[in-house]
1. Confirm whether residue 70 is modelled with pLDDT under 95, in contact with a strand residue (DSSP E or B) (Cβ under 8 Å, 6 or more places away or on another chain), more than 14 Å from residue 122 (Cβ to Cβ) and surrounded by 14 or more Cβ atoms within 10 Å (Cβ to Cβ).
2. Please find, within the range 190-211, the residue that is nearest to residue 170 (Cα to Cα) out of those that are touching a helix residue (DSSP H, G or I) at 6+ places or on another chain (Cβ under 9 Å) and part of a loop (DSSP other than H, G, I, E, B).
3. Which of the numbered conditions does residue 186 fail, given that it passes all the others? Conditions: (1) loosely packed, with under 13 Cβ neighbours inside 10 Å; (2) in a helix (DSSP H, G or I); (3) touching a residue at least 24 places away in the same chain (Cβ under 8 Å).
4. Any residue that is over 15 Å from residue 101 (Cβ atoms) and touching a helix residue (DSSP H, G or I) at 6+ places or on another chain (Cβ under 7 Å) - is there at least one of those in the range 44-56?
5. Under the condition of being in contact with a helix residue (DSSP H, G or I) (Cβ under 8 Å, 6 or more places away or on another chain) and free of Cβ contacts under 8 Å to residues at least 40 places away in the same chain, which residue from the range 1-15 is nearest to residue 113 (Cα to Cα)?
6. Examine the range 129-138 for a residue that is outside the structural domain of residue 199 (by TED's automatic domain parsing), touching a helix residue (DSSP H, G or I) at 6+ places or on another chain (Cβ under 7 Å), closer than 30 Å to residue 52 by Cβ and surrounded by 14 or more Cβ atoms within 10 Å (Cβ to Cβ), and state whether such a residue exists.
7. Within the range 16-43, track down each residue that is out of contact with any helix residue (DSSP H, G or I) (no Cβ under 7 Å at 6 or more places or on another chain) and closer than 27 Å to residue 84 by Cβ.
């Protein structure tokens with residue numbers, strides 16, 4: 001039985017959602033997503049917020065910066081989990097935000113009671129997208145056009161175990177991406193936080209012929 005693949009932002013790993021998704025039979029891929037919390041296909045991304053965070057993000061206008069990024073996807077979804085007292089958020093502000101999400105940004109919203117319901121919804125959407133609609137997720141996504149330096153970091157950060165910090169260290173040492181790709185294992189291991197295991201995996205990806 002094939003499993004739906006769900007790419008999850010690493011900041012969501014402590015949310016409690018992952019365990020439920022695994023119980024539902026999902027394959028989890030952890031990474032640093034630049035947009036959203038759960039990437040389910042090339043067109044569906046989900047941003048999950050607790051109700052308190054949702055309310056706070058309306059007041060500090062953080063919500064609308066986030067949904068601008070979400071709207072780059074064809075089928076963006078905002079998942080709001082739980083329900084708490086509005087606090088000093090007025091009803092007009094709440095429903096005004098919902099109106100803007102739907103009419104200005106074309107963001108679909110779903111409200112769930114708890115983490116299990118959230119995970120079940122994510123699972124069902126992923127299953128439909130990947131098995132019924134035959135959609136796949138993009139290999140990588142990014143927010144905006146990059147400068148040459150950022151393009152180089154982005155390229156290097158595509159290597160296994162390499163985040164933006166390590167990508168910058170590699171470029172600082174080797175000068176250019178081509179020099180990074182041609183580096184020997186011992187040279188890679190001179191970089192702080194790159195041990196033998198990581199160096200071997202990087203070289204395996206760069207040098208192994210698979211076609």
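1. On the way: modelled with pLDDT under 95: yes; in contact with a strand residue (DSSP E or B) (Cβ under 8 Å, 6 or more places away or on another chain): yes; more than 14 Å from residue 122 (Cβ to Cβ): yes; surrounded by 14 or more Cβ atoms within 10 Å (Cβ to Cβ): yes.
So residue 70 fits the description; yes.
2. Here is the first cut: in the range 190-211, the ones touching a helix residue (DSSP H, G or I) at 6+ places or on another chain (Cβ under 9 Å) are 190-194, 196, 198-200, 202-203, 206.
Restricting the remaining residues to those that are part of a loop (DSSP other than H, G, I, E, B) gives 190-194.
Working: 190: 10, 191: 7, 192: 10, 193: 11, 194: 10 Å.
Looking at residues that are touching a helix residue (DSSP H, G or I) at 6+ places or on another chain (Cβ under 9 Å) and part of a loop (DSSP other than H, G, I, E, B), I get 191.
3. Of the numbered conditions (1) loosely packed, with under 13 Cβ neighbours inside 10 Å; (2) in a helix (DSSP H, G or I); (3) touching a residue at least 24 places away in the same chain (Cβ under 8 Å), the odd one out for residue 186 is (3).
4. The answer is yes, given that some residue of the range 44-56 is over 15 Å from residue 101 (Cβ atoms) and touching a helix residue (DSSP H, G or I) at 6+ places or on another chain (Cβ under 7 Å).
5. Looking only at the range 1-15, we keep the residues that are in contact with a helix residue (DSSP H, G or I) (Cβ under 8 Å, 6 or more places away or on another chain), and these are 2, 4-6, 8, 12, 15.
This time we only want the ones that are free of Cβ contacts under 8 Å to residues at least 40 places away in the same chain, so: 8, 12.
Details: 8: 21, 12: 18 Å.
So, considering only residues that are in contact with a helix residue (DSSP H, G or I) (Cβ under 8 Å, 6 or more places away or on another chain) and free of Cβ contacts under 8 Å to residues at least 40 places away in the same chain, the one nearest to residue 113 (Cα to Cα) is 12.
6. Within the range 129-138, none of the residues are outside the structural domain of residue 199 (by TED's automatic domain parsing), touching a helix residue (DSSP H, G or I) at 6+ places or on another chain (Cβ under 7 Å), closer than 30 Å to residue 52 by Cβ and surrounded by 14 or more Cβ atoms within 10 Å (Cβ to Cβ).
7. Taking the range 16-43 and keeping what is out of contact with any helix residue (DSSP H, G or I) (no Cβ under 7 Å at 6 or more places or on another chain), we get 18-19, 22-23, 25, 27, 29, 33-34, 39, 42-43.
Residues satisfying the conditions are 18, 19, 23, 33.
Table: residues versus (1) out of contact with any helix residue (DSSP H, G or I) (no Cβ under 9 Å at 6 or more places or on another chain); (2) modelled with pLDDT of 90 or more; (3) more than 24 Å from residue 13 (Cα to Cα); (4) not assigned by TED's automatic domain parsing to the domain that holds residue 21.
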residue	(1), (2), (3), (4)
75	no, yes, no, no
80	no, yes, no, no
84	no, no, no, no
103	yes, yes, yes, no
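The values are calculated or read from the model by the stated rules, or taken from the named source; none is laboratory data. Treat the numbers as computed from the prediction; the structure is a model and nothing was measured. Please note: Cβ atoms are built from the backbone with ideal geometry, for glycine as well, and neighbour counts cover all protein chains shown.
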